[in-house]
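The values are calculated or read from the model by the stated rules, or taken from the named source; none is laboratory data. What you see is a predicted model; the values in this text were computed from it and never measured. Cβ sites come from the backbone with ideal geometry, for glycine too, and all protein chains shown count toward neighbours. These accessible areas exclude ligands, DNA and RNA; they are computed on the full protein's heavy atoms, side chains included. Shrake-Rupley method; radii C 1.70, N 1.55, O 1.52, S 1.80 Å.
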Amino acid sequence: MRAGQWFALSVGLLVIVAVVGTIASVVALGRLANARVQLADRLDPGAIAAADLKGAVVDQETGIRGYALAAQPQFLAPYDRGRAEAADAARRLRALAGSEALRPLRGRLEEVLARARDWQTRYAEPAKRQLAAGAVLARRPESIAAGKRRFDAFRVAFTAFTTPLDSARLAARARLDDSAATVQRWVIGTGIVILLTVIAAALILRNVLVQPLLRLAARVRGVASGSFSEPVAGSGAREVVELGQDVDAMRGRIVAELDALRVVEQDLQRSNQELEQFAYVASHDLQEPLRKVASFSQLLQQRYGGRLDERADQYIAFAVDGARRMQTLINDLLAFSRVGRLEQPHGDVDCKELVERVRADLATAIEESGATIEAGPLPTVHGDAGLLRIVFQNLIGNAIKFRGEAPPEVRVGATRDGEWWAFRCEDNGIGIDPEYADRIFVIFQRLHSRATYEGTGIGLAMCRKIVEYHGGRMWLDAEHRSGSAFCFTLRARPEDP
Ligand code: ADP
């Protein structure tokens, strides 16, 4: 499944649980409120009013009895108070009897009130009047018994009314408790389900998205750092699986391109080797016949110079010069094609010392041009001292050769860059147009005529070949203004910090 589907599933579940829980809680709360209204506003006040009624009627009976015994009017006070209270309780009960909770007991209530009225009008009031007229009730036991009968009838009716009333109160209380428990159950249940859903969603998210992504990221980092052989596969959510497939397709492309590149590289290497072989063989084999041409044209010049006419002397001079130049070119080409061909033992090379030796070699040029060569602290590297010396010789030689008006100032320095030493040779000479930054490193490519500056155009090509043979890179700093700056790198020795 897609991560989005997992997400939708979790959210859907949460919404369903929340909606169901809320509806159920609202219904249970409604029942709770209803039960509370029944109990607190109807049944309980009904029970209180019934108790008040009974108390008031008993007070009346006590008042009449006291009056009958003591024959003093102040004993009638409870009777009068009881009448008022009974009227009040009856009014309250009637008002409540209209409600749904008490409606079934209406008949019984009327019976209670009728019995109370009956006792009052048929016994209490006549007895009160007779007593007021001086009668002695004790002398009329039949009247007292009739009063008692009527009062007992009131009691019976009262019990018949309060018994179902108490039952209704108990039932309402039970409904109240039940509704409260239901609300509690739904709230707790919904909370637990939501919590579980959230935990489950978090676990699912972790298992189908976060962890598979972390695993995939680790594999992608592996590919980025060059481990192309192992296939990449995503797990968990469909998006991650698809991403894994895309990354694997990318890896496949890289592998295919690398293979193609390797083939091209091998071809290139082979053709380079053939070319070098050809240059070497050609220059080597040309040396011998050329030496012959050169030495015989020199002999010709020595023996017959001045004996032929002026034009012949000139031709011979051209031939001698051409042969000499050709020898220089061929020697340079031979030296160039020998770089890396003759494996000289590599050792520790103190670059500072190399520069000092080059300074000595170029002493005449330095003196003539008034050049200053400033060499900063230079490292010791591992390499072929003879070849590395050629690099410094060419760079410093060029810096002096291609000088401007001012006396040349050459600065050679090196800084550490990770595993490499970055060398830099700067001068204040005529400078090089950045457009030619690559061309100057091509063999026999020159930017000036021989008449302006001597040279064969092999120096920088040789320097780059030597640096690359040592594993480094060489380039012209095209940003550098006022003169030129050449940079090259050589691997630092592992023991150098
Ligand atoms: P060469 O010195 O024999 O001409 P190089 O291969 O050493 O051959 O240099 C190639 C060309 O690069 C030079 O002809 C010159 O135009 C340019 N060049 C090299 N070094 C410098 C420099 N320090 N300042 C200006 N131009 C330079």
Expressed as an acute angle from 0 to 90° and rounded to the nearest 10, what is the orientation of the C-alpha long axis of helix 44-70 relative to the principal long axis of the chain? 30 degrees
In square angstrom, what is the accessible area per residue of the range 3-201 with a 1.4 angstrom probe? 56 Å²
Expected output is a single nm value to one decimal: the length gained when fully extending between Asp348 and Arg473, i.e. 0.36 nm times separation in residues minus the C-alpha distance. What is it? 43.1 nm
Roughly what angle does helix 106-119 make with the longest principal axis of the chain, taking Cα atoms, 0 to 90 degrees, to the nearest 10? 30 degrees
accessible surface per residue for the range 346-491, probe 1.4 Å, DNA/RNA/ligands not counted, whole Å² -> 49 Å²
Taking the convex hull of the Cα atoms, report for the range 238-285 its projected area averaged over all directions, in nm². 3.0 nm²
Shape category assigned to the range 307-373 from the gyration tensor of Cα positions, a/c cut at 1.5: oblate
With a 1.4 angstrom probe the carbon and sulfur portion of accessible area for the chain, in percent, totals 58 percent
Using a ≥ b ≥ c from the Cα gyration tensor of the range 246-387 (square roots of the eigenvalues), is it rounded, prolate or oblate, where a/c under 1.5 gives rounded and otherwise the larger of a/b and b/c decides, a/b for prolate? oblate
Please state, rounded to one decimal and in Å, the Kirkwood hydrodynamic radius that the range 346-491 gives when every pair of distinct Cα atoms enters the mean of 1/r. 15.3 Å
Length released on extending from Arg291 to Ala279, taking residue separation times 0.36 nm less the Cα-Cα span: 2.6 nm
Please state the Cα pair-distance histogram of the range 3-201 with 5 angstrom bins from zero: what percent is in each bin? 1, 7, 12, 13, 10, 9, 7, 6, 6, 5, 5, 4, 4, 3, 3, 2, 2, 1, 1, 0, 0
Let's test the formula: R0 of 56 Å, r as the Cβ-Cβ distance of Ile254 and Arg36. What FRET efficiency results, to the nearest 0.05? 0.15
Between the Cα axis of helix 238-304 and the main Cα principal axis of the chain, the angle (0 to 90°, nearest 10) is 10 degrees
Provide the gained length on full extension for the span Val26 to Leu196, in nm with one decimal, where the gain is 0.36 nm per separating residue minus the Cα-Cα distance. 59.0 nm
Summing -39500 (n - 2.57) over every DSSP H run of at least 4 residues in the chain and dividing by its residue count gives a helix-only mean residue ellipticity at 222 nm, to the nearest 500 deg cm²/dmol, of -23000 deg cm²/dmol
Taking H as built 1.01 Å from N, whose amide H comes closer than 5 Å to the amide H of Thr380, not counting residues under 5 places away? Cys351
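Once you sort the root eigenvalues of the Cα gyration tensor of the range 334-426 as a ≥ b ≥ c, which label holds: rounded (a/c under 1.5), prolate (a/b larger than b/c) or oblate (the other case)? Intermediate values should be presented prior to the final figure.
On the way: a/c = 2.15, a/b = 1.41, b/c = 1.52.
Cα axes put the range 334-426 in the oblate bin.
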Counting only pairs 8 or more residues apart or on different chains, how many lysine pairs in the chain have their Cα atoms under 28 Å apart? 6
Report the FRET efficiency, 1/(1 + (r/R0)^6), for Glu356 and Leu214, where r is their Cβ-Cβ distance and R0 is 60 Å, rounded to 0.05. 0.55
